[in-house]
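The values are calculated or read from the model by the stated rules, or taken from the named source; none is laboratory data. Everything numeric in this text was worked out from a predicted model, so none of it was measured. Here the Cβ positions follow ideal geometry from the backbone for every residue, glycine too, while neighbour counts run over all protein chains shown.
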Amino acid sequence: MLAKPELARSFALGLALIVTTAAGGTAAESWPQRTVRLIVPNPPGIANDVIARLFAEKLSEKWKQPVIVENLPGPDGLVAAREFVRRSDDHTLLYSFAALISINPLTIEKLPYDPAHDLVPIASTSDNFLAIAVSSSLNVNSLAELIQLARKRSGQLTWAATPGVPYYAFAAFQKESGLSMVQAHYRDFNQAITDLREGRIDAIAAGVLPLLPQARDGKIKFLAFLNGARSPAAPSVPTMAEEGYPAMKFEAVTGFFGWRDMPQPLREKIAADIGTVGDQPEVRERLAKLGSAVRGSTPAEFAAVIATQRAQIAAIAGEITKSGVPKQQ
C-alpha cells in the first residue's frame, strides 16, 4: 500500500492528467478560432492541389472559418515543409503526400525538418492511383508481354517515373522480373508523357490523372495499377498483385499533417471532420474523376500507413544499392 505522501502525489498527478486532458478536449472543440491556412507542396491545378482545395472548401463550411490554400511547390516537398515548420502556428496545417516522412529521410541527407516530430499525421484523405503504362506503339497488351519484350530487347527499352513511390515501384518491378531497361530523366515530367504518347520512350510509372487523356485517345495503354485495388477510372486494368506481384501493393496516400506537439484531442477532432467531408457523395465522385479514391483515417491509422510505406521503400532502396538499377534522380 502507498504511504500517505506517495498516495497524495499519485492522486495529484492523476488529477493533473484529467484536468490537462479535459482542457485539451475543450480547446479542440473550440478550434479553429480564426482563418486556417493549408500549405500544399504542389503547384495549382494538379490532382493533389484540387483535392486540397475541395477539402478546404468543405472544412471551411463545417468550421465556420476560412480555410485558405497556399501553394509552395518545390523539389520533394521541401519548400512547403520548411515553411510549415518555420511558422509554428496552431492555425496552419500541411496537406501533403506521405513521402515527406516515408521517403525523404531515406534519400535526402539533410532535411529542413524533423520527420519524426515536426510533421504530425492527422488523417489521410485519399489514395491516389498509380499505374504502369506503355506506349501503344510498343504493341504489348499486358505486363507479361512487356516482360517478355524487355527480356528479348535487354538494355534497349526505356522508362521514366515520377519521383517517390512510382520510381521505387518500377525499379522493384525490374529487379524482381530480371529486366534491364534504360531510365530516361526529365526535369518536366509532362515531356515524359508526351514522349510516351509519341513512342519516344516505352514505359512510364506515374499517377493516373495526367495519363487518362492519352489512354482514352489510344496512344498509351495501362498495364497494371500499383495500388491494392483497381481504379474506377480504368476498372478493366488489373493490379500488380493480380498480375503475380503480391509484394507490389503500394498505398499512395495523401492527407493532413499538424505541427509539433499538436494536442491529441485536436488531431482526433480534425480527423473526424475530414472523415465527415470524405463521406459526402460529391467529394467521392470528384476524387474518382481525378484518379483517386477517398480514404479517411484516424491519426494512428495514417501514421501506420506511412510507416508501412517507409519500410517498403527502405527495402527497395537497399536492393537498388546492390543492383544495377539507377538511383532516383
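Specify the residue that is nearest to E243 (Cα to Cα); the eligible residues are those in the range 171-195 that are surrounded by fewer than 18 Cβ atoms within 10 Å (Cβ to Cβ) and charged (D, E, K, R).
Of everything passing the filter in the range 171-195, E176 is nearest to E243 (Cα to Cα).
Filter the range 159-218 for residues that are part of a helix (DSSP H, G or I), among the basic types (K, R) and at pLDDT 95 or above and give the result.
R197
Give me the strands (runs of 3 or more DSSP E) completely within the range 219-329, filtered to those with at least 1 residues that are among the β-branched types (V, I, T) and either assigned by TED's automatic domain parsing to the domain that holds Y113 or within 24 Å of L106 (Cα to Cα) (or both), ordered by residue number.
Of the strands (runs of 3 or more DSSP E) lying wholly inside the range 219-329, those with at least 1 residues that are among the β-branched types (V, I, T) and either assigned by TED's automatic domain parsing to the domain that holds Y113 or within 24 Å of L106 (Cα to Cα) (or both) span 253-258, 292-294.
Can E282 be described as in contact with a strand residue (DSSP E or B) (Cβ under 7 Å, 6 or more places away or on another chain) and among the acidic types (D, E)?
When the stated conditions are applied, E282 does not pass them.
Can you work out which of the residues in the range 146-170 that are out of contact with any strand residue (DSSP E or B) (no Cβ under 8 Å at 6 or more places or on another chain) and under 18 Å from L226 (Cβ atoms) is surrounded by the fewest Cβ atoms within 10 Å (Cβ to Cβ)?
P163
Can you find a residue that is charged (D, E, K, R) and out of contact with any strand residue (DSSP E or B) (no Cβ under 7 Å at 6 or more places or on another chain) anywhere in the range 225-241?
Within the range 225-241 (the criterion being charged (D, E, K, R) and out of contact with any strand residue (DSSP E or B) (no Cβ under 7 Å at 6 or more places or on another chain)), the answer is no, since none of the residues qualifies.
For residues that are among the hydroxyl-bearing types (S, T, Y) and in contact (Cβ under 8 Å) with a residue 60 or more places away in the chain, scanning just the range 223-268, find the one that is surrounded by the fewest Cβ atoms within 10 Å (Cβ to Cβ).
Y245
Please find, among S126, S135, the residue that is touching a Leu at 6+ places or on another chain (Cβ under 6 Å) and over 19 Å from F189 (Cα atoms).
Step by step, each of S126, S135 is checked, and only S126 is touching a Leu at 6+ places or on another chain (Cβ under 6 Å) and over 19 Å from F189 (Cα atoms).
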